Amino acid sequence: MARSPRRDFIEATEVGVYHGVQRALRRAWIGGQEPVTGKNWGHRKVWIQKQLAFLARQFTIDICSMAIMNNHIHLVVRNRPDVAGQWSDEDVARGWWNLFPGRKTEGDKPAEPEPHELELLMADSEALTDQTPGG
């Protein structure tokens, strides 16, 4: 039997705390010493931690607890609609830009948006109110 979508259990307008688990597919190794090949994937744990922290800031989510195991990840997160409700249109546009930058630096990071680029994003009311990036 298929699992029900999480959106059916989460009230987006209320603060809630949730536990999530993500496992690697096909016996892939997320971090640590892989027993079959002997490769060490420990560097991935730091990258995953930084990426999750970045994403949490863009979506007003607090990471309460995180455990990055060798083949799976546990997260305890809290959504913050109270914080998101205080964001201005420019704050939302900057968050959108950070996720889907129109330009990037040489280091493949989002370039600082020009004022007119933020204005274009702020003029798109659907993008500002859409709950799911990318549509």
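A few points about this structure:
- Here the contact order of region 15-82, divided by its residue count and restricted to Cα pairs under 8 Å and six or more residues apart, works out to 45 percent.
- Nearest-ten-degree value, helix 43-58 long axis tilted from longest Cα axis of the chain: 30 degrees
- Taking the Cα atoms of region 15-82, the ratio Rg/Rh between the radius of gyration and the Kirkwood radius comes to 1.06.
- Checking (1) 1.26; (2) 1.33; (3) 1.22 against the coordinates, the calculated Cα Rg over 2.2 N^0.38 Å falls under label (1).
- The mean sequence separation of alpha-carbon pairs under 8 Å and at least six residues apart, normalised by the residue count of the chain, gives a relative contact order of 22 percent.
- Qualifying chymotrypsin sites (Phe, Trp or Tyr not before Pro) for region 63-135 [loop in DSSP, other Cβ within 10 Å: at most 10]: none
- Max mean-square fluctuation residue, GNM over the chain, Cα-Cα springs under 10 Å, options E106, E90, E119: E106
- In the chain, the calculated helix contribution to ellipticity at 222 nm averages -9500 deg cm²/dmol per residue, counting -39,500 (n - 2.57) for every DSSP H run with n ≥ 4.
- Most fluctuating residue given options A67, A53, A28, as computed from a GNM of the chain linking Cα atoms under 10 Å: A28
- Label point 7 Å beyond Cα of R78 along Cβ direction - residues of region 1-16 with amide nitrogen under 19 Å: 10-16
- Modelled spin-label separation between A24 and I48, with each label point placed 7 Å from Cα along the Cα-to-Cβ direction: 0.8 nm.
We did not get these values from a lab; they are worked out from the coordinates using the rules stated. Just so you know, these numbers come straight off a predicted model, no measurement behind them. Cβ: placed from backbone, ideal geometry, glycine included. Neighbour counts: every protein chain shown.
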